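Structure first, then comments.
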Amino acid sequence: MSPGEIHGLIGENGAGKTTLARILGGLVAPDSGKVRIGGRAVELSGARQARALGVAMVHQHFSLVPSFTGLENISLLDPGAWNRRGAAARGYRERVEARARELRLAVELDQPVGGLGVGARQRIEVLKALMPDPRVLLLDEPTAVLAPQEVDGLLAVLRRVADAGGAVVLVAHKLDEVLAVATRVTVLRRGRRVLTTEVADTSAPELAEAMVGSEVAGSASSSRRRGAPRMPGEVCPRAARLAGVHARRDGREALRGVALEVRRGEIVGIAGVDGNGQRTLAAVLAGVQRPDEGEAELPPEVGWIPQDRTEEGLVGEFTITENVALALHGQPALRSGPWLDWRGVGEAALGVMREMEVQAEGAEMVASALSGGNQQRVVVGRELLRSGSLLVAESPTRGLDVKATAAVRARIRELAASGDEAPGIVLISTDLDEVLELADRTLVLVRGRLLEIAPGERTHRAIGRAMLGAQRVGNDW
Amino acid sequence: MRRSPEIVRGLLVALVGLAVTAVVAAALLALGGHSPGATFAALIAGAFGSWDRFVSFTLVRATPLLFTGLAVALAFRAHVWNIGAEGQLYAGALAGVAVALLLPTGAPLLILPITLVAAAAAGALWAAGPAAMRTRLGVGEVITTLLLNFVALFLAQFLVQGPLQEPRGIFNQTDSIPEAAHLPALLPGTRLHVGFALAVAVALALWLYLARTPGGLRLQTVGASPRAARVSGRFRATPVVWAAFLTSGAIAGLAGWVQIAGVTHRMYEGLSPGWGYTAIAVALLARLNPLAVVVTAIVFGALSAGGGAMQRDAGVPEAWVRGIEALVILAVLATDRCWQLLAARGKGG
């Protein structure tokens, strides 16, 4: 890497992107090999030391203290924030503000970050990394949670950092973002570097092929519209209906009068920026949360692919089989008397692994040892085993690589097209491309309200604008 | 849940840990001017020297540890950190004794079942307070269960000095319980009582419950991730947490009353030498596996039985046994950790 370079690091889940970034960030010690910074071989023994050498990292999962304000969080790792007596240095706030202006980062410094949206939190995270002006900035999948406009804003900031002479490493799973901003790109596959090239000399299909090692039918991020018009006059039975639903989450009103009807065999796409009521809507649709007001007609059993697969979709310390059992333990077919039929569950788990092509040493492998993509495959396959006429999929391909994404989307499409037995599918996703690619109709969830998007207005710009609602619109991030 | 390789590994770790303990303890004993050989000989003879030593001493002393160890293991599986087995044991002992002494003696066949139920109920009740505080107010049970131990201990002291004291009023103890409330001998001619069999039955039942039933799966899910319980398991965590608290308390309550009904036949101050606390070591060494708790409880029972013999025959103060108990825990935990590190290195390299 040289100064002024933006280096895209891409690869499938489990290819080693995060590990490589963590080695450079000083969080993981390499078993062998050397890291050189400024021509000097260094042994990085921790984030603080990496930082002292000019390497700053923005993590995939936020590393902010929720109860601290933005300014407090930024000051945590910055030795310049403190004077010799350990008190806050004078003028620090002004320096932070000046830096934010220079990078054109709109940050909220005085509120506890726990109450901010994901995008706002990430801007603080980025500013925190950039405060001591690092030589190398590492970002691990920073765009996974952002709205399109916010992604553009972030990429613009990265460009400014590089223009100022910094080197940027962008770990990403979306090819188009890497192609849009990176100058060079490295592809990892199963822990090996398979390709490093100038972005100008390559193309999306070439990179995709390098990532997965085989020709992929269509890049996952191409927004291919499904369309699939139904026969005129054909009305499928209703799978679920919400009317005037109000519901709270953590004491705050998260849904304010939501009406939604889902028919079997259709995919209803619900776009929106994280934190606008998605979690609550999913919980209500899955029958886990009862609405405070309004009606919810739901089938007795609902498949739910939750957004947070490590905390909600799976129990990390359980095996794949046990995780399958967790969802299916209520089914009479898997019981004999008071006992759980572990053999039946084990077969179901193997079925899930075959169906979803889960790469694991066996069904007795502990879930936390699987890569993110394989974990998600387990969750998806398992939720499809619930005998339900409704499936709620919450950002089902979040953080997945091209191949896993394609597999999950294909499965969802297949499911919707499976004839009379097809469930109604509600796809709640922060990934607009995904919604546009899969959904028969599109709604936008903004501040707890659902807006229907007319078929003629299904464009990135229009929906993006609706997604941001009353929030700031435009590229001034 | 169904991890047989885990059990084999656990056994190996325990054996290596015991060997390490023996080496370290031998060195310390030698430094302290005692003969390690004679000391160990006395310890082993005291615990396993004869069929009667093993049955009448080791197994008898293992029984309350087995109950409390199971209570702790069950709670910990649900990530309910019940440090209060000691208090629940006293609550069970008091309830059992009180019912046995106050019940009219007209129904001798019913007295044992009734007292056992009373003891279990009292133990559960003693755990109910912390359960309510955890589920309703979010108060950590480590503090509440621990503090209630002292309440139970002082309550016991008060009762055996006052309302429940023997009519003679000489010792701080209750009257003898009626013969009908005695637990019968398990093996004729030994001191081993039916309580031991009951404890083993509880161990077996818990193991089956955890390994083979939907309820057991739910219990462990709640421990590992309450959010996954709600989202993936579609059940509410709170009732499961309550069940874990109450069952754990009930089993610990049985420990106290079974000791009285099977061995002492009366309640007195200082009934338990800290079984509720040793239980934590017993449960952790068994990796919270109920069947393994049977083994670890017997190991600690053997140390306790052998300790007396060691003091008598080798002239080594019994405090050394406490030290050896602690060494066992440290050695097994250290062995386990080293084992994991070696396994990780083996995989990585």
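Here B:T105 passes the criteria (1) of a type in the set (S, T, Y); (2) assigned to a helix (DSSP H, G or I); (3) open to solvent by 20 Å² or more (accessible area, probe 1.4 Å) except the one numbered (2). Counting only residues that are within 16 Å of A:E322 (Cβ to Cβ) and open to solvent by less than 10 Å² (accessible area, probe 1.4 Å), which one in the stretch B:201-214 is farthest from the chain's Cα centre (by Cα)? It comes out as B:P214. Does the stretch A:267-274 contain any residue that is modelled with pLDDT under 90, over 17 Å from A:V426 (Cβ atoms), open to solvent by less than 20 Å² (accessible area, probe 1.4 Å) and more than 10 Å from every other protein chain (Cβ to nearest Cβ)? Taking every residue of the stretch A:267-274 in turn, at least one turns out to be modelled with pLDDT under 90, over 17 Å from A:V426 (Cβ atoms), open to solvent by less than 20 Å² (accessible area, probe 1.4 Å) and more than 10 Å from every other protein chain (Cβ to nearest Cβ). Of B:R287, B:R312, B:R322, B:R266, all but one fail to be closer than 30 Å to B:G223 by Cα and among the basic types (K, R); the exception is B:R287. B:A224 falls short on exactly one of the conditions (1) in contact (Cβ under 8 Å) with a residue 60 or more places away in the chain; (2) away from every other protein chain (no Cβ under 14 Å), and that condition is (2).
More than 11 Å from chain B (Cβ to nearest Cβ), surrounded by fewer than 17 Cβ atoms within 10 Å (Cβ to Cβ), aliphatic (A, V, I, L, M) and within 28 Å of B:G215 (Cβ to Cβ) - does that describe any residue in the stretch A:310-327? So that I can check it myself, show each step before the final result.
Here is the first cut: in the stretch A:310-327, the ones more than 11 Å from chain B (Cβ to nearest Cβ) are A:320.
Then drop every residue that is not surrounded by fewer than 17 Cβ atoms within 10 Å (Cβ to Cβ), which leaves none.
So far as the stretch A:310-327 goes, no, none of its residues is more than 11 Å from chain B (Cβ to nearest Cβ), surrounded by fewer than 17 Cβ atoms within 10 Å (Cβ to Cβ), aliphatic (A, V, I, L, M) and within 28 Å of B:G215 (Cβ to Cβ).
The combined condition, being under 21 Å from A:L334 (Cβ atoms), among the aliphatic types (A, V, I, L, M) and open to solvent by less than 50 Å² (accessible area, probe 1.4 Å), is fulfilled by B:L217. When the stretch A:90-109 is filtered for residues that are in a helix (DSSP H, G or I) and either touching a Ser or Thr at 6+ places or on another chain (Cβ under 7 Å) or β-branched (V, I, T) (or both), the ones remaining, listed by number, are A:Y92, A:V96.
Suppose we filter B:G262, B:G307, B:G276 for residues that are open to solvent by less than 20 Å² (accessible area, probe 1.4 Å), among the small types (G, A, S), in contact with a strand residue (DSSP E or B) (Cβ under 6 Å, 6 or more places away or on another chain) and under 21 Å from B:T68 (Cβ atoms); which single one remains?
B:G262
Restricting A:L139, A:L127 to those that are modelled with pLDDT of 85 or more, in a helix (DSSP H, G or I) and either under 21 Å from the mean Cα position of the chain (by Cα) or closer than 24 Å to A:P66 by Cβ (or both) reduces the list to A:L127. Tallying residues that are in a strand (DSSP E or B) and in contact with a strand residue (DSSP E or B) (Cβ under 8 Å, 6 or more places away or on another chain) within the stretch A:420-447 yields 11.
Give me the strands (runs of 3 or more DSSP E) completely within the stretch A:10-59, filtered to those with at least 2 residues that are more than 14 Å from chain B (Cβ to nearest Cβ) and surrounded by fewer than 16 Cβ atoms within 10 Å (Cβ to Cβ), ordered by residue number. Spell out the reasoning first.
On the way: elements: A:35-37, A:40-42, A:55-58.
Output list reads A:40-42.
So that you can scan it fast, the table gives a plain yes or no per residue for (1) outside any loop (DSSP other than H, G, I, E, B); (2) at pLDDT 95 or above:
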{"residue": "B:G169", "(1), (2)": "no, no"}
{"residue": "B:A180", "(1), (2)": "yes, no"}
{"residue": "B:P188", "(1), (2)": "no, no"}
{"residue": "B:F196", "(1), (2)": "yes, yes"}
{"residue": "B:V200", "(1), (2)": "yes, yes"}
{"residue": "B:L204", "(1), (2)": "yes, yes"}
{"residue": "B:R227", "(1), (2)": "yes, no"}
{"residue": "B:R230", "(1), (2)": "yes, no"}
{"residue": "B:G233", "(1), (2)": "no, no"}
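Taking the criterion of being assigned to a helix (DSSP H, G or I), loosely packed, with under 15 Cβ neighbours inside 10 Å and within 11 Å of chain B (Cβ to nearest Cβ), the residues of the stretch A:333-371 that qualify are A:R343, A:S368, A:A369.
Any residue at all in the stretch B:120-129 that's surrounded by fewer than 16 Cβ atoms within 10 Å (Cβ to Cβ), over 18 Å from B:A100 (Cα atoms) and at pLDDT 90 or above?
Taking the stretch B:120-129 and keeping what is surrounded by fewer than 16 Cβ atoms within 10 Å (Cβ to Cβ), we get B:128.
Checking the rest, the ones that are also over 18 Å from B:A100 (Cα atoms) come to B:128.
Going one step further and asking which of them are at pLDDT 90 or above, we end up with B:128.
There is at least one residue in the stretch B:120-129 that is surrounded by fewer than 16 Cβ atoms within 10 Å (Cβ to Cβ), over 18 Å from B:A100 (Cα atoms) and at pLDDT 90 or above.
So is B:T115 of a type in the set (S, T, Y), part of a helix (DSSP H, G or I) and out of contact with any Ser or Thr (no Cβ under 9 Å at 6 or more places or on another chain) or not? So B:T115 passes the test. Enumerate the pairs (first residue in the stretch B:265-285 and more than 15 Å from B:R61 (Cα to Cα); second residue anywhere and of a type in the set (D, E) and at pLDDT below 90) with beta-carbon separation below 8 Å, excluding pairs fewer than 6 apart on the same chain, so at least 6 apart or on different chains. Filtered contacts from the stretch B:265-285: B:R266/B:E166; B:R266/B:D175; B:A281/B:E325.
The values are calculated or read from the model by the stated rules, or taken from the named source; none is laboratory data. Quick caveat: nothing in here was measured; it's all calculated off a predicted structure. Reconstructed Cβ throughout: ideal geometry from the backbone, glycine too, with neighbour counts over all protein chains shown. Heavy atoms of the whole protein, side chains included, go into the accessibility calculation; ligands, DNA and RNA do not. Shrake-Rupley method; radii C 1.70, N 1.55, O 1.52, S 1.80 Å.
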